[in-house]
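Chemist: Just passing along the structure, written as structure tokens.
The values are calculated or read from the model by the stated rules, or taken from the named source; none is laboratory data. Just so it is clear, the structure is predicted and the values come from calculations on it, not from any experiment. Cβ placement follows ideal geometry from the backbone for every residue including glycine, while neighbour counts extend to all protein chains displayed. Side chains are part of the model used for accessible areas, which takes the heavy atoms of the whole protein and leaves out ligands, DNA and RNA. Shrake-Rupley method; radii C 1.70, N 1.55, O 1.52, S 1.80 Å.
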Amino acid sequence: MNSGDDKTGIENIESMIDQAIDDLFVPSGGASKADPAQMAKVEAEPPQEEPDEAVDMDIAWGNDDKEEAVDFSEVVEAGDSEGAPSLDILRPLHEALLSLDWEINLHNIDALDEEYKRLGAMTQDNMHAQNAVKMASVCCKYLRASKSLASPLALKFLKTTLDSLDIFLRPPAPNLPSKDALVNEMMGLYNEMKLDANRLRAAALKKREAKGFTTTQQKSAATTAAPSSTSSADLRSELAHVKRTLRDLVELVDKIERALV
Amino acid sequence: MSFLDLSKREVHVKIVYYGPGRGGKTTNLLHIHEAMTDAVRGQMVSIDTKQDRTLFFDFLPLSIGKIFGFDIRIQLFTVPGQVIYNATRKLVLKGVDGVAFVADSQVSQREKNIESLENLRDNLADIGVDISKIPLVLQFNKQDLAAEGIPLLSEADMVSDLNSVYNVPCFNASALTGEGVFETLREISKTTVKSVARKLMPSLTSGMT
């Protein structure tokens with residue numbers, strides 16, 4: 001192929017590309033299918049948020065609090081009359097979860113929570129779905145309290161819940177996974193998430209306490225007027241300790257010098 | 001770099017939607033995904049990173065049919081805009097063929113747009129790509145906010161801030177309503193696919209029967 005052929009070939013290809021893409025991407029008329037309300041959930045500015053503070057995540061995990069208790073025992077045994085096709089019902093939930101996965105903020109958490117509430121209202125005769133929604137709602141509360149400091153297992157749990165809901169809402173079929181097995185998986189993850197959240201909370205509390213102690217010390221040092229007798233005693237004790245340490249160090253240096261000589 | 005699969009006779013072209021956090025990149029892709037027919041669009045999926053928290057980027061393969069016997073598939077990605085996710089952005093940029101930069105037209109976001117474009121330039125440089133050599137399109141998003149009385153940057157300001165050096169095609173848009181979304185996509189798709197075709201011309205012609 002000579003250079004003239006190459007040029008013609010490229011021009012041909014480019015004109016085909018133009019044509020193919022023009023045919024494919026029709027200007028926004030075809031975009032009418034998009035739901036602006038749904039898009040707004042992604043686009044809108046987030047509300048002002050409090051800084052992440054894992055230690056404030058005082059969450060009712062279902063078996064710790066009567067009001068928020070989720071009776072998981074009934075999940076496995078519960079019968080249901082499911083049968084609604086799940087695909088369309090779960091689509092907004094799926095999109096809300098993707099947004100949350102992208103960025104954990106109050107706006108996205110609220111959007112997901114709203115979707116769960118909506119789904120809960122639509123599936124009142126489906127006990128599996130109801131229990132999944134209850135657990136997910138508690139998870140949303142946890143995320144709201146801890147935001148980006150939340151355990152990564154929280155999002156894993158929500159994704160698993162969504163996958164399970166997809167099965168719970170499908171008409172019964174022999175090739176579908178066992179609902180009991182799915183519930184067990186959800187429960188396992190839920191408990192893991194709870195443990196991890198408690199671990200993170202304890203670590204955050206410890207960190208905050210340490211920070212608080214430092215701040216108190218700094219304040220105490222900065223205060224020159226009339227220190228209390230207790231803090232003076234503490235300071236004298238601290239000073240004596242430093243002096244002893246310095247004396248020991250000087251003696252050690254002397255010894256090393258003598259040894260070298 | 002685009003991916004050429006001679007056995008399947010497919011060319012994969014990778015376009016990344018880049019820009020500051022909350023600028024509307026995901027909304028662009030959601031809109032495209034909603035508006036395309038099932039025959040053309042693929043499934044949007046999330047991909048777990050190896051980080052503690054899973055992040056996702058949208059992945060929207062589009063089949064635009066056969067050209068010279070090859071299926072051209074356009075893959076659209078977005079990256080997390082938040083500053084802390086730079087490692088993920090770098091990862092997503094690997095192998096990029098074209099970039100649609102989605103800027104936020106709000107006056108309050110002016111600095112963030114500039115920072116993000118600089119970040120794009122730096123991240124591309126890190127993977128050995130010169131931003132001035134790669135197909136690039138700018139989108140000035142959130143134009144609809146003017147109707148709500150939110151102060152927006154003028155087009156001249158946006159061009160001055162973001163396009164005075166690169167001088168690439170730019171579009172006003174509102175991803176929320178769909179305005180400008182397909183115009184941006186069409187332009188970046190054309191320039192990117194053509195750029196890839198030029199690079200792959202020898203392979204494409206030799207692969208023809």
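Chemist: Can you pick out the pairs among B:94/B:199; A:159/B:25; B:66/B:142 whose Cα atoms lie more than 26 Å from each other?
Modeler: Check vs 26 Å cut-off fails for B:66/B:142.
Chemist: Averaged over its residues, how many other protein chain Cβ atoms are within 10 Å of peptide B:15-27's Cβ atoms?
Modeler: Across B:15-27, the average partner-chain Cβ count within 10 Å equals 3.
Chemist: If you take every residue apart from residue B:192 with its C-beta less than 14 Å away from the C-beta of residue B:192, what net charge results, scoring Lys and Arg +1 and Asp and Glu -1? Display every interim value, and only then the final one.
Modeler: On the way: positive: B:14, B:73, B:133, B:186, B:190, B:194, B:198, B:199; negative: A:14, A:18, B:97, B:187.
In short, +4.
Chemist: Taking the mean number of other Cβ atoms within 10 Å as a proxy for protection, how do you rank B:138-146, B:69-77, B:12-20 from highest to lowest?
Modeler: Final packing ranking: B:12-20, B:138-146, B:69-77.
Chemist: Same structure again: Can you send over the solvent-accessible area of residue A:178, 1.4 Å probe, protein chains only, in Å² to the nearest 10?
Modeler: Around 60 Å² of this residue is reachable by solvent.
Chemist: Kindly sort B:158, A:16 by accessible area of their heavy atoms, largest first, with the probe set to 1.4 Å.
Modeler: Sorted by accessible area, descending: A:16, B:158.
Chemist: Then there's this: If you stretched the chain out fully between residue A:118 and residue A:22, how much longer would it get, using 0.36 nm times the residue separation minus the C-alpha to C-alpha distance?
Modeler: On the way: separation 96, 0.36 × 96 = 34.56 nm, distance 3.93 nm.
This chain segment gains 30.6 nm when fully extended.
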